[in-house]
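Visitor: Got a structure here, written out as C-alpha cells. Questions coming.
Computed from the coordinates by the stated procedures, all read-outs in this text should not be read as laboratory data. What you see is a predicted model; the values in this text were computed from it and never measured. For neighbour counting, all protein chains shown are included, and Cβ atoms are generated from backbone atoms with ideal geometry for every residue, glycine included.
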Amino acid sequence: MLSLDIQLRRGRFEREVRIEDSARVVALVGPSGAGKTTVLNAIAGLVRPRSGRIEVDGRALFDSARGIDLPAHRRRVGYVFQDARLFPHLDVRGNLLYGRHAVAEAGPRFELDAVVALLGISALLQRRTANLSGGEAQRVAIGRALLAQPALLLFDEPLSALDQARREELIPYLQRVRDEVRLPMLYVSHHPDEVRRLAEAVHRLD
Amino acid sequence: MPDFSPAELAAIALSLKVASVAALASLPFGIAMAWLLARKRFPGKALLDALVHLPLVLPPVVVGYALLVVFGSQGAVGAFLAERFGISFAFRWTGAALASAIMGFPLMVRAIRLSIESVDRRLEQAAATLGANPWRVFATVTLPLAWPGIVAGGVLAFAKALGEFGATITFVSNIPGETQTISSAIYELMQVPGGELGIWRMALVAVAISLLALLASEWLVRRQHGRRGEGDEP
C-alpha cells in the first residue's frame with residue numbers, strides 16, 4: 001500500500017499532496033497542470049519534494065524528518081511513462097530484461113515467460129522498438145517495469161498517446177496486470193471511463 | 001606512387017602512431033569531460049569549459065612552450081613522472097602524442113558533448129527507475145546512444161593530431177625518427193632547395209590518411225544508425 005504526504009514546489013506556489021488509501025489501485029485525477037506527473041516523479045525519486053514522507057508497504061522511500069531520500073534506482077518503483085520510453089538501441093527482449101539486475105529480497109517474483117504471456121508480447125521479442133505500435137510499446141514498457149521486480153507500479157496516462165481503438169485494445173491488458181500481479185498501483189488519468197474500469201479508489205488533485 | 005625515402009616512411013609511420021595514441025589515450029578523458037559539461041552543474045563550470053577550449057584559440061607555440069615548462073625534463077610534472085614512473089615526454093614521440101592530444105581535446109570534447117546532450121534524459125530516468133545506478137545508466141544508455149558523437153570526436157582528434165605542427169615542434173622539436181611527423185617533415189623539406197617533390201608526396205599522404213579516417217568514421221556511424229533505425233516509422 002502506498003502512503004504519502006508531501007509538500008511540492010510548483011513554481012512560486014507550494015502544494016501539499018496526501019494519499020492514504022487502503023485501496024490497492026488508486027487513480028490520481030485532476031486537470032492538466034495540477035501536478036499529477038510531479039507526484040509520480042516524486043514517488044519514483046525523479047524530483048525531490050520540499051518535505052514530507054513517502055512509504056510503500058511500510059518501507060520509507062522518502063522522509064525528510066528522518067533524512068531518508070532513496071535514489072531512484074533503489075526505490076523499486078515501476079514507472080510506466082506516457083511515452084513508453086523504450087530504449088531505442090535495444091530490441092524488445094533487451095528492453096524487457098534491462099532491469100533484471102534489480103534484486104528483490106525474496107527472489108524474483110516476476111519471470112520473463114510469465115510476464116510475456118500476461119501481456120501477449122511473445123511475438124514481439126526480437127523486434128526493434130521503432131517498429132512497435134503505440135499499444136505494443138506500452139505493453140513492452142509495462143513488462144519491462146514488472147521485470148525490474150517493483151514494489152509499486154506507477155502509470156502516467158499510459159493510454160493518452162493512443163487512438164480510441166488502441167485504447168480498447170490495451171485496457172484488458174491493464175486489467176489483467178491489475179488482477180494478476182497484486183501490486184499497489186497509482187494510475188494517473190483524466191479519462192473518467194478509464195478510471196472507472198481500472199481503479200478501486202479515486203484521488204483528486206485540483 | 002613514387003618511392004619514399006626512409007626518412008619519409010619513418011615520418012608517415014610516426015604520424016600514424018602519434019595520432020592513434022593521441023586520439024585513443026585522450027578518449028576516456030574526453031568522454032568524462034564531455035559528460036561533466038553536458039550533464040552536471042557545478043561552480044566553476046564556465047571556467048572549466050573555457051579552459052578546455054583554450055588550445056583552440058591559443059597560439060600553438062604557447063601551448064608547446066607551456067608543455068615544455070610543465071612536462072619537460074626540468075618541468076615540475078615532467079621531472080616527477082620521469083623519476084617515479086620512468087615516463088618521459090621531452091623530445092620523444094610520447095611528447096608529440098601529448099601535444100597533439102591536448103590540441104585536439106577541445107574538438108573531441110565538443111563532438112562528444114553535443115551527442116551526450118542529444119541523448120534523451122527521460123531515457124536515463126527510465127533506466128534509473130528500472131534499478132540501474134548512475135554508472136550503469138551511463139554505460140548502458142548514455143554511452144551507446146552517444147556512440148556516433150564519440151566516434152566523430154575520436155576521428156576529429158585523430159585528424160587534428162595528424163595535422164598538429166606548432167605545439168609539437170615547440171615541445172619536442174623535429175627529430176627524424178623520433179618526433180618528426182608528416183607536418184614537420186614537410187616543414188623541413190621546405191627549408192631545403194629541391195624539396196618540392198617530397199613535399200607533394202607527403203602532402204598527398206596526409207590528404208589520403210585524413211580522407212580515409214573521415215570515411216571510416218562515417219561508415220561506423222552509419223552502421224550504428226542502421227542497426228538502430230531499421231524500419232523507422234515515419
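Visitor: Of all residues being surrounded by 15 or more Cβ atoms within 10 Å (Cβ to Cβ) and not hydrophobic (A, V, I, L, M, F, W, C) in region B:21-44, which is nearest to the chain's Cα centre (by Cα)? Just the residue, please.
Guide: Taking the candidates together, the pick is B:26.
Visitor: Condition test on residue B:146, is it over 20 Å from the mean Cα position of the chain (by Cα), free of Cβ contacts under 8 Å to residues at least 60 places away in the same chain and on the phi < 0 side of the Ramachandran plot?
Guide: Against the criterion (over 20 Å from the mean Cα position of the chain (by Cα), free of Cβ contacts under 8 Å to residues at least 60 places away in the same chain and on the phi < 0 side of the Ramachandran plot), residue B:146 does not qualify.
Visitor: Here is a further query. Report yes if some residue within region A:116-123 is buried (at least 20 other Cβ atoms within 10 Å of the Cβ) and within 14 Å of chain B (Cβ to nearest Cβ); otherwise report no.
Guide: Checked against the condition, which is being buried (at least 20 other Cβ atoms within 10 Å of the Cβ) and within 14 Å of chain B (Cβ to nearest Cβ), region A:116-123 yields no hits at all.
Visitor: Sticking with this one: For region A:142-156, give me the residue count where each residue is facing chain B (nearest Cβ under 9 Å) and in contact with a helix residue (DSSP H, G or I) (Cβ under 8 Å, 6 or more places away or on another chain). Can you show your working first?
Guide: Initial filter on region A:142-156 (facing chain B (nearest Cβ under 9 Å)): A:144-145, A:147-150, A:154.
Still in the list and also in contact with a helix residue (DSSP H, G or I) (Cβ under 8 Å, 6 or more places away or on another chain): A:144-145, A:147-149, A:154.
Selection size over region A:142-156: 6.
Visitor: Run down A:65, A:34 and say which single residue is away from every other protein chain (no Cβ under 14 Å), touching an Asp or Glu at 6+ places or on another chain (Cβ under 9 Å) and of a type in the set (A, V, I, L, M, F, W, C).
Guide: Sole residue among the options that is away from every other protein chain (no Cβ under 14 Å), touching an Asp or Glu at 6+ places or on another chain (Cβ under 9 Å) and of a type in the set (A, V, I, L, M, F, W, C): A:34.
Visitor: Tally time: how many residues in region A:33-70 are in a helix (DSSP H, G or I) and touching a helix residue (DSSP H, G or I) at 6+ places or on another chain (Cβ under 6 Å)?
Guide: Total meeting the criteria: 1.
Visitor: Based on what the data block shows, is residue B:175 in a helix (DSSP H, G or I) and either away from chain A (no Cβ under 13 Å) or surrounded by 24 or more Cβ atoms within 10 Å (Cβ to Cβ) (or both)? Give the derivation first.
Guide: Details: in a helix (DSSP H, G or I): no; either away from chain A (no Cβ under 13 Å) or surrounded by 24 or more Cβ atoms within 10 Å (Cβ to Cβ) (or both): yes.
For residue B:175, the condition - in a helix (DSSP H, G or I) and either away from chain A (no Cβ under 13 Å) or surrounded by 24 or more Cβ atoms within 10 Å (Cβ to Cβ) (or both) - is not met.
Visitor: Still on this structure: Going by what's in this entry, would residue A:84 be described as part of a loop (DSSP other than H, G, I, E, B), surrounded by 16 or more Cβ atoms within 10 Å (Cβ to Cβ), within 14 Å of chain B (Cβ to nearest Cβ) and among the aliphatic types (A, V, I, L, M)? So that I can check it myself, show each step before the final result.
Guide: Working: part of a loop (DSSP other than H, G, I, E, B): yes; surrounded by 16 or more Cβ atoms within 10 Å (Cβ to Cβ): yes; within 14 Å of chain B (Cβ to nearest Cβ): yes; among the aliphatic types (A, V, I, L, M): yes.
When the stated conditions are applied, residue A:84 passes them.
Visitor: I need the full set of residues from region B:140-172 which are aliphatic (A, V, I, L, M), within 12 Å of another protein chain (Cβ to nearest Cβ) and either surrounded by fewer than 22 Cβ atoms within 10 Å (Cβ to Cβ) or in contact with a Pro (Cβ under 9 Å, 6 or more places away or on another chain) (or both), in order please. Break it down into steps so the answer makes sense when it comes.
Guide: Applying the first criterion (aliphatic (A, V, I, L, M)) to region B:140-172 yields B:141, B:143, B:145-146, B:150-152, B:155-157, B:159, B:161-162, B:167, B:169, B:172.
Narrowing the set further to residues that are within 12 Å of another protein chain (Cβ to nearest Cβ) leaves B:141, B:143, B:145-146.
Hits for region B:140-172 are B:143, B:145.
Visitor: Kindly check whether there is at least one residue in region A:39-61 that is within 23 Å of residue A:188 (Cβ to Cβ), within 14 Å of another protein chain (Cβ to nearest Cβ), crowded, with 18+ Cβ neighbours inside 10 Å and without any contact (Cβ under 8 Å) to a residue 12 or more places away in the chain.
Guide: Yes, region A:39-61 contains a residue that is within 23 Å of residue A:188 (Cβ to Cβ), within 14 Å of another protein chain (Cβ to nearest Cβ), crowded, with 18+ Cβ neighbours inside 10 Å and without any contact (Cβ under 8 Å) to a residue 12 or more places away in the chain.
Visitor: With respect to the numbered conditions (1) surrounded by 14 or more Cβ atoms within 10 Å (Cβ to Cβ); (2) without any contact (Cβ under 8 Å) to a residue 24 or more places away in the chain; (3) away from chain B (no Cβ under 13 Å), which one is the sole condition not fulfilled by residue A:94?
Guide: (3)
Visitor: Go through the residues of region A:100-108 one by one and say whether even a single one is under 29 Å from residue A:39 (Cα atoms) and among the charged types (D, E, K, R).
Guide: Yes.
Visitor: Can you pull out every residue in region B:5-20 that is part of a helix (DSSP H, G or I), touching a residue at least 24 places away in the same chain (Cβ under 8 Å) and more than 18 Å from the chain's Cα centre (by Cα)?
Guide: Result: B:7, B:8, B:10, B:11.
Visitor: Looking at A:75, A:139, A:128, which one is charged (D, E, K, R), surrounded by 17 or more Cβ atoms within 10 Å (Cβ to Cβ), within 9 Å of chain B (Cβ to nearest Cβ) and within 25 Å of residue A:1 (Cα to Cα)?
Guide: Values: A:139 fails: within 9 Å of chain B (Cβ to nearest Cβ); A:128 fails: within 25 Å of residue A:1 (Cα to Cα).
Selected residue: A:75, the only one of A:75, A:139, A:128 that is charged (D, E, K, R), surrounded by 17 or more Cβ atoms within 10 Å (Cβ to Cβ), within 9 Å of chain B (Cβ to nearest Cβ) and within 25 Å of residue A:1 (Cα to Cα).
Visitor: Could I ask something else about it? Kindly indicate the residue of region B:99-131 that is hydroxyl-bearing (Ser, Thr, Tyr) and within 14 Å of another protein chain (Cβ to nearest Cβ) and also farthest from residue B:37 (Cα to Cα) among those meeting that condition.
Guide: So the residue we want is B:129.
Visitor: Report the residue count in region B:178-204 for those that are in contact with a helix residue (DSSP H, G or I) (Cβ under 6 Å, 6 or more places away or on another chain) and in a helix (DSSP H, G or I).
Guide: Selection size over region B:178-204: 8.
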